[in-house]
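See below for the structure under consideration.
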């Protein structure tokens, strides 16, 4: 199994531009999570899906952020328009359980908004 | 009180020494506990689950103290390769269970 695959690995964009982050979960995992990590705030859950349905998006910072999961093998996190304070590492993780067992993280996307 | 709280460190420990750090959690109803390890510029990876009776995996021992609401991680005979950030993870019990990550404790093993 290739694990959770995220793209791109690095993204540098100008303020105001749209950014799309992509994730392919592990096949058979019913849960997909999007996290954001910064030095100040640590690892924060943004949103998670169960069987492609968004369950909890209370961590999404504001309307500029949106996430979709059109099928079991693909999810996107979009930021439009991007701002410098969005600079962080964004991780996607998938699991067969929402309670903490079997979480596997992707390698992350390091986003820099200038 | 924060949901999950850890000493950020860094802990600077000579190779071969024993090191231990704790993590406190605020929700007494939490049921699942884990330690994750994160290397610099890498993703977090599960190190071990923490069971009520405590558990050991080689040089690593995890303990749970429900009365005082903390979990601990003990590393014996530390190796240079143990240098990393250790994240405490606790499940948030509620209508929608989800896990909460601590900000991590940085560990530097010194040669």
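Here are some notes:
- The residue that is nearest to residue B:15 (Cα to Cα), counting only those in the stretch B:64-83 that are more than 14 Å from chain A (Cβ to nearest Cβ) and assigned to a strand (DSSP E or B), is B:75.
- Qualifying residue in the stretch A:34-57 (condition: in contact (Cβ under 8 Å) with a residue 40 or more places away in the chain, in a loop (DSSP other than H, G, I, E, B) and loosely packed, with under 15 Cβ neighbours inside 10 Å): no
- Scanning the stretch B:22-63 for residues that are crowded, with 17+ Cβ neighbours inside 10 Å, within 12 Å of chain A (Cβ to nearest Cβ) and touching a residue at least 60 places away in the same chain (Cβ under 8 Å) yields B:30, B:32, B:34, B:36, B:38.
- Pick from the stretch B:73-98, criterion more than 14 Å from residue B:24 (Cα to Cα) and modelled with pLDDT under 95, ranking: surrounded by the fewest Cβ atoms within 10 Å (Cβ to Cβ): B:95
- Restricting attention to the stretch B:90-111, the residues that are assigned to a loop (DSSP other than H, G, I, E, B) and either closer than 23 Å to residue A:38 by Cβ or away from chain A (no Cβ under 14 Å) (or both) total 4.
- The stretch A:88-105, subset surrounded by fewer than 20 Cβ atoms within 10 Å (Cβ to Cβ) and free of Cβ contacts under 8 Å to residues at least 40 places away in the same chain, residue nearest to residue B:97 (Cα to Cα): A:99
- Where residue A:62 falls short, out of the listed (1) outside any strand (DSSP E or B); (2) free of Cβ contacts under 8 Å to residues at least 40 places away in the same chain; (3) within 9 Å of another protein chain (Cβ to nearest Cβ): (3)
- Yes/no for residue B:87 being touching a strand residue (DSSP E or B) at 6+ places or on another chain (Cβ under 8 Å), more than 14 Å from residue B:46 (Cβ to Cβ) and either within 9 Å of chain A (Cβ to nearest Cβ) or part of a strand (DSSP E or B) (or both): no
- Residue in the stretch A:5-25 that is in a loop (DSSP other than H, G, I, E, B), within 18 Å of residue A:101 (Cα to Cα) and either at pLDDT 95 or above or in contact with a helix residue (DSSP H, G or I) (Cβ under 9 Å, 6 or more places away or on another chain) (or both) present: yes
- The single condition from (1) loosely packed, with under 13 Cβ neighbours inside 10 Å; (2) within 25 Å of residue B:87 (Cβ to Cβ); (3) in contact with a strand residue (DSSP E or B) (Cβ under 8 Å, 6 or more places away or on another chain) that residue A:84 fails is (2).
- Test: residue B:12 is over 26 Å from residue A:3 (Cβ atoms), more than 12 Å from chain A (Cβ to nearest Cβ), crowded, with 16+ Cβ neighbours inside 10 Å and touching a residue at least 40 places away in the same chain (Cβ under 8 Å): no
- Candidates in the stretch A:86-102 are the residues that are over 15 Å from residue B:42 (Cα atoms) and under 16 Å from the mean Cα position of the chain (by Cα); of these, the one that is nearest to the other protein chains (Cβ to nearest Cβ) is A:98.
- Sole exception among (1) buried (at least 16 other Cβ atoms within 10 Å of the Cβ); (2) at pLDDT below 95 for residue A:62, by number: (1)
The values are calculated or read from the model by the stated rules, or taken from the named source; none is laboratory data. Since we're looking at a predicted model, the values are computed, not measured. Backbone-built Cβ (ideal geometry, glycine too); neighbour counts: all protein chains shown.
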